[in-house]
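Here the structure is laid out as structure tokens; the discussion comes afterwards.
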Amino acid sequence: MTTIPASHTISWARARVGRLCGTDMETGGYAARASEIGGHLAKELAAGRLPFLSMPYRAAMEEAIPAALNSISHCRHLLLLGIGGSALGARALQKAFFPAQDRPGHNGPWLWIADNVDACTLEAWLTALPADQTAVAVISKSGGTIETLSQYFLVREWLQKMLGAAWKKNVVMITDEAKGFLREEAKREGMVSLPVPDYLGGRYSALSAVGMFPAAFMGIDWKALMRGASAVASPLAADPLSLSKHSAWDLAIWNRQLMENAYSQLIFFTYIPLWSSLGAWFGQLWAESLGKNGKGSMPLPAVGVTDQHSLQQMFLDGPNDKGCLFLHCPSLPRGRTFGPETPEQWAYLRGRSFGDLLDAEGLGTRMALSQSKVPTVELCMASDDEEAAGRLMMLLEITTVLTGYLLDIDPLDQPAVELGKRLANARLGAPGYPEEHKALTAFLSGKGRESSF
Ligand code: PA5
């Protein structure tokens, strides 16, 4: 019933419905920008400002990760301290390729991801984890993120109390090569560390030590992830002027056209259940890269079939402001087959597999989206292994950057999120925030109507 494709494919058959009906890649003049944007890419690559694409760090990283792993070979638990781009890639890979941890009978290793200011969970971990068998990966590109550092201060105290002078043998720092508090701390304490290269910002760093070290700890085939990513990146990195031949360019133009036609939300609908957390990773990549100067589109991660019973009504019959990236993989394991005892009312299931149900529901959703005039691009994966995931992640990273260039914004910075951080620092009494102090006082003294419930 299901055709399994020989390679990963992108289907454009339903991409141009609704307000995109009648448009093509040339509409809006975006395709004509290929040589200008290719030239910009070439300049940025030559200056070393796009390491996510050129991956100059790959060989050194592939040597350094096994050595760092070796230094914590006595540990069965890895507690990852990081937030945003320093955690979301690891979680996506954990859920996709290390599902054993969430299943009955698992007997280690364990990865725990601390990516929030969550006193209850941190307390539970520090109460129950065996310190002598717990490695701590402190991951922060800047080495100065308050959420990550504050967790580190508490965890460091715990390790020191439990292990005495040996505490630092259980820590691996993954941070900027040269600067920041964590780099200094690693040097001061002689800790094992892995570098995050210059210009490799958090949300583009999953395919570096940031994501690959935790992946390696879980026994995931991280080198295959890198191979897949490289297969998608290297043709463009080697020849940026060939941009118009790259699938990411087509995806970027389509997204730009969606935005121009008042499609302000982009559904990332995955029908690969184990890849459900990839949506959160993509959401951060897209939102933090493109939400600038009033531009961009809101990423909406959704999981098939689960969200057919939660979000889908809005996708199909709510405001007509959504496009959709639809991800599926026809070669997923089929699972069990429905037997002859299946009740008469569902007799049509007999002899079919559980996987057939996923395929049929995915098809139903795609058709329904199309009939509801939701422009949809279908990403069909030939396989759901690590190499395939590496390919997809790189495709999405390049698409994001190119969409940013088509929007004439910088997809690599995130200026707006700084304000909240400054205000929080001011609130905690950090020095050097006089303006923020004044603004906070005014904000807190503002009286409005209050009601109770
Ligand atoms: O994508 C980004 O740059 C951010 O989301 C960062 O990943 C996040 O703020 C954490 O930063 P850092 O890795 O410096 O601790």
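Things to note:
- Accessible surface computed residue by residue for the range 367-412, with neighbouring protein chains in place and a 1.4 Å probe, gives 26 Å² per residue.
- A helix-only calculation puts the chain at -14000 deg cm²/dmol for mean residue ellipticity at 222 nm, using -39500 (n - 2.57) for each DSSP H run of at least four residues, averaged over all residues.
- Normalised contact order of the range 51-220, rounded percent, pairs of Cα under 8 Å and 6 or more residues apart: 34
- Per residue, the solvent-accessible area of the range 50-118 (1.4 Å probe, heavy atoms of protein chains only, all protein chains present) comes to 41 Å².
- Globularity index of the chain, i.e. its alpha-carbon radius of gyration over 2.2 N^0.38 Å: 1.05
- Taking a straight Cα-Cα cut-off under 27 Å and skipping sequence neighbours fewer than 8 places away in the same chain, the lysines within cross-link reach of Lys141 are Lys43, Lys95, Lys168, Lys169, Lys179, Lys187, Lys223, Lys292, Lys295, Lys421.
- Here's the list of lysines a cross-link from Lys373 could span, going by alpha-carbon distance under 16 Å and ignoring same-chain residues fewer than 8 apart: Lys322.
- For the chain, carbon and sulfur atoms together expose 56% of the accessible surface, with a 1.4 angstrom probe and every protein chain in place.
- Ranked by how many other beta carbons lie within 10 Å on average, peptides 5-11, 309-315 from highest: 309-315, 5-11
- Accessible solvent surface per residue of the range 172-294, calculated while the other protein chains remain in place, 1.4 angstrom probe, Å²: 31
The values are calculated or read from the model by the stated rules, or taken from the named source; none is laboratory data. Remember, predicted model here, so these are calculated numbers, not experimental data. For neighbour counting, all protein chains shown are included, and Cβ atoms are generated from backbone atoms with ideal geometry for every residue, glycine included. Ligands, DNA and RNA are stripped out before the accessible areas are found, and what is left, the full protein with its side chains, is counted by its heavy atoms. Shrake-Rupley method; radii C 1.70, N 1.55, O 1.52, S 1.80 Å.
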